[in-house]
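K.L.:
Before I ask anything, here is the structure I am working with.
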Amino acid sequence: MSDDYGKDLKLTGRAFDQMTSDREPVDLLAAAGGDVRTVSGRENLAQAVVNRLLTRRGELARLGHPQYGSRLHLLVGELQNARTRGLAEIYIRESLAQEPRIQAVTKVAFAPPSRGLDRDTLYVSITVRPAGGGGDLTLTVPLQRG
């Protein structure tokens with residue numbers, strides 16, 4: 001059983017429970033001594049999931065990764081209804097199926113729609129089974145549709 005999910009640069013705006021959108025700028029975080037912070041283990045896997053979901057599919061084509069990302073951006077402006085949630089689940093599962101560190105997406109669940117100020121946000125809870133074991137990882141990702 002391994003929980004080595006790699007090491008990457010720690011990005012701002014990519015915490016799994018942080019309100020963000022695919023158009024929010026990201027930046028590197030500084031560490032003590034002027035170096036950049038890194039993220040590893042399950043935290044890196046969580047950041048990778050959020051990055052993959054919030055990157056528009058095809059956006060990295062010029063860098064040699066034409067299939068990286070998701071189609072969630074296609075739901076911007078759509079009503080928050082069963083059809084939109086169904087498409088969001090398809091897009092999430094489709095995107096995360098390409099992540100080699102994930103064995104399976106075991107659950108995708110949506111919070112009930114809000115009628116308040118955050119009515120343009122789709123709150124999704126995603127449970128993945130990491131490849132190599134280590135127990136399931138559940139993330140709550142707020143997806144802005146507006």
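Read the figures in this text as sums done on the coordinates, not as results from a lab. Being a predicted model, the structure only gives us computed values, none of them experimental. Backbone-built Cβ (ideal geometry, glycine too); neighbour counts: all protein chains shown.
K.L.:
Quick one: P(r) of the stretch 7-144 from all Cα-Cα pairs, 5 Å bins, percents rounded to integers, in order of increasing distance.
P.N.:
2, 10, 19, 23, 21, 14, 8, 3, 1, 0
K.L.:
Can you tell me the order of 67-73, 81-87, 138-144, 127-133 when each peptide is scored by its average per-residue count of other Cβ atoms within 10 angstrom, highest first?
P.N.:
Top to bottom by mean Cβ count within 10 Å: 67-73, 138-144, 127-133, 81-87.
K.L.:
Taking R0 as 35 Å, what FRET efficiency do you get between residue 36 and residue 106 from their Cβ-Cβ distance, rounded to the nearest 0.05?
P.N.:
Plugging the Cβ-Cβ distance into 1/(1 + (r/R0)^6) gives 0.60.
K.L.:
OK, next. May I ask you to list the trypsin sites (Lys or Arg not before Pro) in the stretch 26-58 that are in a DSSP loop and have at most 14 other Cβ atoms within 10 Å of their Cβ?
P.N.:
37
K.L.:
How far, in nm, would the chain grow between residue 136 and residue 61 when pulled straight, counting 0.36 nm per residue and subtracting the alpha carbon separation?
P.N.:
Extending this stretch completely gives an extra 23.9 nm.
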